[in-house]
Amino acid sequence: VAMFDLTPFAKFEVTGPGALKYLQDICTNQMDKPIGVITYTSMLTPAAGIKCDLTVTRLDEDRFLIVTGSAMGLHDLGWMNSHLPADSSVKVTDVSADFCCIGLWGPRARYLLRSICLNDLGNNEFPYMTSREILIEGIPVLALRISYVGELGWELYGPMGQGLELWDILWKAGELLDVVAAGGGAFDSLRLEKGYRLWGNDIHTEYNPDEAGSGFTAKMDKDDFIGKEALEQIRVAGLKRKLCCLILDDPSAVVMGKEPILDGDNVLGYVTSANYGYSIGCGIVYAYLPIDYAGIGTKIDIMYFGKFLKATVSKEPLYDPRNYKLNA
């Protein structure tokens, strides 16, 4: 079990009688879900480029929590504010400074949390992609059962002023379980093993959801949303490129990112994200490749400081493809 300090996450509350319609208009996914459900979604430009990549948790009928990356906070807030309805029926409030966030993940995460929390944390009562308000030794916490690292666990949001106390309580409870404090390097490696995208690297406005492998978030059967018409046209025309998962053939090799990808003298693209996958024992690379090169088993070269490293397009995710661990 590991603890991550995720307090820098950007957090926004969307409230008001028009909140649901507003989110339906600006988000690709279906937002009309029961209270407590977490939804992963994109927000698109009119041309179907991926403008934002975030989660939305329904806290009440007219109250939603949006969580996005710390570096993208002002960017995403600016986009949301620019599409607020003129009738003042929706308010977007930046609550980033109000709440700390601790990521608690790993096969023993439930054992740790149960030792300090009386709430029911079982899989039936508290399934994956849902939220609950819980108490951890008297500290009120909004627990989101979601994971960016591919393991059982929660994002725990508590009052900022009690953040250190919350960390210490979790840490003390975890000592008997050999808890570790993990950082950004582990976060990035683990998310690549699960194929989770990172805005600014793997996804941004130059790419659409189908190219990026997140087309499942676009619910085309719901009412109109920004970018829907363009995405429909893209699906009629078909894809010309696709974000692919590759593994380096040499298990001791790694690359840093942004390296060119080639087939002979033909430049195919560049590395969007890369890291070493410690759970699978090899270097992981993500890159957009022409559709003719996107098939599983395709071999390509990555130029790394003058050397050519062989890599193979692989099926994703590389780790726990059936999500047994997330749903444990």
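The values are calculated or read from the model by the stated rules, or taken from the named source; none is laboratory data. Since this is a predicted model, take the numbers as computed values, not measurements. Neighbour counts are summed over all protein chains in view; Cβ atoms, including those assigned to glycine, are modelled from backbone coordinates with ideal geometry. Protein only, heavy atoms only, side chains kept; ligands, DNA and RNA dropped before computing areas. Shrake-Rupley method; radii C 1.70, N 1.55, O 1.52, S 1.80 Å.
Structural remarks
- Over the range 43-86: Kirkwood hydrodynamic radius from C-alpha pairwise inverse distances, Å: 11.6 Å
- The chain - mean residue ellipticity at 222 nm from DSSP helices (-39,500 (n - 2.57) per run, n ≥ 4, rounded to 500): -5000 deg cm²/dmol
- The mean accessible area for residues of the chain, using a 1.4 Å probe and ignoring ligands and nucleic acids, is 45 Å² per residue.
- Counting protein heavy atoms only, the range 221-328 has 54 percent of its accessible area on carbon and sulfur, 1.4 angstrom probe.
- Gained length - residue 294 relative to residue 249, 0.36 nm times residue gap less alpha-carbon distance: 14.5 nm
- Heavy-atom surface analysis with a 1.4 Å probe gives the range 1-46 a carbon and sulfur content of 63 percent of its accessible area.
- When the chain is treated as a GNM with alpha-carbon contacts under 10 Å, the residue of 311, 274, 237 showing the greatest mean-square fluctuation is 237.
- Selected from 167, 96, 109, residue furthest toward positive end of dipole (the chain; charges at beta carbon): 109
- Among 174, 163, 122, residue whose mean-square fluctuation peaks in a GNM of the chain (springs only between Cα atoms under 10 Å): 122
- Residues whose placed amide H lies under 5 Å from that of residue 298, excluding near-sequence neighbours: 313
- Sequentially through the range 19-31, phi angles give Karplus couplings (6.51, -1.76, 1.60; θ = phi - 60°) of 4, 5, 4, 4, 5, 4, 6, 9, 10, 7, 7, 6, 9 Hz, Gly and Pro residues having no value and appearing as x.
- Most mobile of 52, 100, 282 in a GNM of the chain (Cα contacts under 10 Å): 282
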